[in-house]
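Colleague: Quick one: this structure, given as structure tokens, is what I'll be asking you about.
No lab work stands behind these numbers, since they all come straight from the coordinates. This is a predicted model, so every value here is computed, not measured. Methodologically, a virtual Cβ is constructed for each residue, glycine included, from the backbone with ideal geometry; neighbour enumeration extends over all protein chains shown.
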Amino acid sequence: MSEVSSVNAQSILDSINVKTNTKKEDDKKTDFLTLLVAQLENQDPLKPQDGSEFMSQLAQLESVQGIQDLNDSFNSFSQSMLSNQALQATTLVGRDVMVQSTTGQLEQGKALTGVIGLPEAASSVTLNVFNSAGALVRQLPLGDHGAGPLTFSWDGLGGDEQAAPSGQYTLAAQGRVNGETIELGTAVNFNVNSVTIDPASGTMLNLAGRSGSIPLANVLQVR
């Protein structure tokens, strides 16, 4: 994987690979034509080469070349799309994006925010916040709500109204649906630290306080 700052270097490598592949294809075509000419030169004068067979061989060559040209065009288009997506993604650095997560990063002086997904109307919706040791830090009663996303914001204060230290916290939401308590999914806002280009996975975002990177396609909202 390479950081966005290495896009130019990658482009140079891609250019070298394209030239190498082009030479290989040219060599193949030259070999094909050489073999075809040799076949014509050494044919039996009493049994000349069938013209239809000759045209068929030429058509095969054109067909192979056409497929190769199509593949080259598609690969070029794919590389162009990846580069454009990467450049657009760099504008997200320093901004907050929302992704599905059961953890969130609390930063000094900032609230930990996100949404709770309600598949249907629920009562007594509650968000529990746990520290890295698994201890309950804060319980936020959010009341009754209809189906849809429910916005939440934790100000970083514990149950004793004292400020909790910065760091990663686990979130667990629940509510009562049809008389039963069910677990609810959460999505959390994270700050984008950097962008990485992965040839296999595409454009990936590295988020503050979250291990690993996530695909750009996983972003639900940009703030």
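Colleague: Please list, in order, the residues from the range 177-200 whose amide nitrogen is less than 20 Å from a point placed 7 Å along the Cα→Cβ vector of Leu142.
Modeller: So the set is 177-191.
Colleague: Modelling each spin label as a point 7 Å along the Cα-to-Cβ direction, I'd like the Ala133/Asn178 distance in nm, to one decimal.
Modeller: Placing both labels 7 Å beyond Cα along the Cβ direction yields 4.1 nm.
Colleague: Apply the Karplus curve 6.51 cos²θ - 1.76 cosθ + 1.60, θ = phi - 60°, to the phi angles in the range 140-145 and return the couplings in whole Hz, x for Gly and Pro.
Modeller: 10, x, 10, x, 9, 8
Colleague: Please work out how much length the chain gains when fully extended from Ser153 to Ala111, using 0.36 nm per residue of separation minus the C-alpha to C-alpha distance, in nm with one decimal.
Modeller: Taking 0.36 nm per residue and subtracting the Cα distance, the gain is 14.5 nm.
Colleague: How much length, in nm to one decimal, is gained on full extension between Thr34 and Gln168, taken as 0.36 nm per residue of separation minus their Cα-Cα distance?
Modeller: Separation in residues times 0.36 nm, less the Cα-Cα distance, equals 41.5 nm.
Colleague: Follow-up. So what is the relative contact order of the range 115-217, in percent, for Cα pairs below 8 Å that sit 6 or more residues apart?
Modeller: Working: 192 pairs, mean separation 25.9, N = 103.
Value for the range 115-217: 25 percent.
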